[in-house]
Amino acid sequence: MSRISRLAAVPVAALLSLGLASCASDEPAGETEAASNTWEPVTVEHAFGTTTIETEPERVATVAWANHEVPLALGVVPVGMAASTFGDDDANGVHPWAEEALADLDAETPVLFDETDGIDFEAVADSQPDVILAAYSGLTQEDYDTLSEIAPVVAYPEAPWSTPWREMIEVNAAGLGMAEEGDELVADLEQQIADVVAEYPQIEGATGMFLTHVDPSDLSQVSFYSANDTRVQFFEDLGMEIPASIEEASADTDSYSVTISAEQADMFDDVDVIVTYGGEELRDALESDPLLSQIPAVENGAIVDLPGDQPLGTAANPTPLAISWVLDDYAGLIADAVDKGE
């Protein structure tokens, strides 16, 4: 059975009008006019069960990383969304691609939820949403239950922080009653990716590993994103392959990350490129470590250091608006790393 059951569809033109109406200067952010009387309930299946949106949502709130990018990409301005901290170059809580989308929609910045210590349920409730989008998130059952007391919640389909970008768009768009527009957005992004990847043929077939939360002063353990994680899955969008070692290490877990002893580093002899955060200090530590330096990507210097304090630092985690913004730079960095390994 499909995770998303559309009981009825609103005409596309009407829905586009609905989304754009939310940006009008005389409407509060996220509020929309009823574009038609043809709305019928939309049911979305997810990890916590099913959610049915009985009435056409006029006020849309989003929680967790990047869910706000789906409504923004579809012309709907949320009444509230999670503040962005990682990769936010001007510390205003909004990534540049979201700023551009808001500007294009002639809209003010929505209320920003501070999620430093978890979801701010009070702030979400104060935004008075009709629906809460969280298709890419780490919601617990308790989080979901609490949010559901505020408004219908569109949660992740299977596991925390493991919703691929296509499904993130599909599920959140369904919650807006804009499934067709979501499909069009996915197709457009797929074409953009294909066009950019064609410029870097050396990427095709290279294997990639994403190191994360690595302490340069203590390399006794190696942490990396698993094959369940969207960053690793994005390698495949770029024409790369997930190494068999990463697939094997991910086989018995639903988690988005895995930690192993550095003594097992020889298992990564099939890794051509490493992507990570950490900069020169981490690179130097990897290259000087007697175990980790034997990984082909480390030995060849085929390492992509993403800056965590800049928008490019989010490049590895594909999201609806960020993909277009960082794609060419990210692919170029990976291509340079592949070249070093040849």
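Where a number appears in this text, it was derived from the coordinates with a stated rule and is not lab data. Keep in mind it's a predicted model, so treat the numbers as computed, not measured. Glycine also receives a Cβ, built like all others from the backbone with ideal geometry; neighbour counts cover every protein chain displayed.
Details
- Ranked for footprinting exposure by Cβ neighbours inside 10 Å, fewest first, His46, His213, His95, His68 give His213, His46, His95, His68.
- Alpha-carbon centroids, region 193-259 and region 121-157: separation in whole Å: 30 Å
- Taking every DSSP helix (H) stretch of at least 4 residues in the chain, weighting each as -39,500 (n - 2.57) and dividing the sum by the residue count yields a mean residue ellipticity at 222 nm of -10000 deg cm²/dmol.
- Once the Cα-Cα distance is subtracted from the 0.36 nm per residue extended length, the Ser148 to Thr50 segment shows a gain of 34.1 nm.
- 10 Å Cβ shell holding at most 16 others, DSSP loop, chymotrypsin sites (Phe, Trp or Tyr not before Pro): longest site-free stretch of the chain: 87-342
- Karplus-derived 3J(HN,Hα) values for region 292-304, using 6.51 cos²θ - 1.76 cosθ + 1.60 with θ = phi - 60°, are 5, 5, 7, 5, x, 4, 6, 4, 8, x, 8, 10, 9 Hz; glycine and proline are entered as x.
- Compared with the dominant Cα axis of the chain, that is its longest principal axis, helix 279-288 is turned about 30°.
- Segment Asp309..Ala198, full-extension length gain: 37.1 nm, with 0.36 nm per residue of separation and the alpha-carbon distance subtracted.
- With θ taken as phi - 60° and the Karplus curve 6.51 cos²θ - 1.76 cosθ + 1.60 applied, the whole-hertz 3J(HN,Hα) list for region 252-260 is 9, 9, 9, 6, 7, 9, 9, 10, 10 Hz, x standing for glycine and proline.
- Each residue, Met267 and Glu99, gets one label point 7 Å from its Cα in the Cβ direction; the gap between the two is 4.2 nm.
- Within the chain: Cβ-based charge dipole about Cα centre, in debye rounded to nearest 20 (Lys, Arg +1; Asp, Glu -1): 640 debye
- Of (1) 66, 41, 41; (2) 56, 44, 43; (3) 62, 40, 37, the label for Cα extents along the principal axes in Å derived from the coordinates: (1)
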